[in-house]
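So the structure is just underneath, and the comments pick up after that.
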Amino acid sequence: MKILSVADLHYTLKQWDWVKQVSDQFDLVIIPGDLLDIVSPVPIDVQILVLRKYLKRLPKDVPVLISSGNHDGDVRNEAGESSAAWLQQVKNLGAISADGDSYEKDGILFTVCPWWDGEHSKAELAEQLKRDAAKQKDQWVWVYHAPPSGSPLAWDGKKEYGDGALLNWIEQYQPDVVLGGHIHHAPFTKNGTWHDRIGDTLLFNAGKQIGPVPAFIELDTEAQTAVWRSLLAMRAM
């Protein structure tokens, strides 16, 4: 299975055009968060309307997994925490799985993890991971926007912005792969990187770059390879 992972598009429509153009070259497209851009002059509701059109135009025979990031909230839950309710409404636009969903193919279970904004949403995510941990699977992949604490994937060149809860969950459940983003400069800065390992868990963050083509990661589950492509370089592992 050939997988495309590209995060942090942040309403960069030329990069969304690229995703639409190349998605049929892959068996699975994964977008680990920050589809929207809360600092854009374009209102969030308008961004959502436009991205719904982009998602609707993706090939219907290529599954797409979308997790929310910290820019993607459009409502508040019962605890007053940010939540990306609009992602629940795009599932009928094609072969799209989003926050809270699981997807299985070729014995690989993919868990699509929402951005948690407080103890309520964090507890819901903990239950989701517990549920999927009990499922039969050969491999387990998490789609999770933020990188874990202590990882160079969380280093932006000046400060580390890791998720401590994710680190604890990785140590508890030991998934095979975590695909994320969030820290745009990590692959491009000294002491940062695009891939990491915690125990037996491989972690990836493609980063964010300017231009019409986003930084992205290609994974091939049969060849067991991962390739990072950016304006800076191409790297493989």
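Throughout, read-outs are computed from the coordinates displayed, never taken from laboratory work. The structure displayed is predicted, hence computed values, not measured ones. Here the Cβ positions follow ideal geometry from the backbone for every residue, glycine too, while neighbour counts run over all protein chains shown.
For the chain, give the share of DSSP beta bridges that are antiparallel, in percent and rounded to the nearest 5; count only bridges with both residues there.
Antiparallel bridges: around 50 percent, rounded to the nearest 5.
Fully extended, how many nm does the chain gain between residue 106 and residue 62 (0.36 nm per residue separation, minus their Cα-Cα distance)?
14.4 nm
Expressed as a whole number of Å, what is the distance separating the alpha-carbon centroids of region 123-155 and region 1-19?
21 Å
Defining a contact as two alpha carbons under 8 Å apart and six or more residues distant in sequence, what relative contact order in percent does region 148-234 show?
Computed over region 148-234, the figure is 24 percent.
If only Cα atoms are counted, what is the Rg of region 149-237, and what is its Dmax, in Å?
Considering region 149-237 through its Cα atoms, Rg and Dmax are 12.9, 39 Å.
Please give the calculated 222 nm ellipticity per residue for the chain, where each DSSP H segment of at least 4 residues contributes -39500 (n - 2.57) and the sum is spread over every residue; nearest 500 deg cm²/dmol?
-6500 deg cm²/dmol
Could you tell me which helices of the chain pass both thresholds, a Cα extent of 18 Å or more along their own axis and a mean Kyte-Doolittle hydropathy of at least -0.5, with helices taken as whole DSSP H runs? Before the final figure, lay out each step's value.
Details: long enough: 44-57 (20 Å, 0.26); 119-133 (21 Å, -1.39).
Those that pass (Cα extent of 18 Å or more, hydropathy at least -0.5) are 44-57.
Go ahead and run the numbers for FRET between residue 39 and residue 191, Cβ-Cβ distance against an R0 of 30 Å, rounding to 0.05.
The value I calculate is 0.70.
Over the chain, calculate the relative contact order: mean separation of alpha carbon pairs under 8 Å at least 6 apart, over the residue count, as a percent.
It rounds to 19 percent for the chain.
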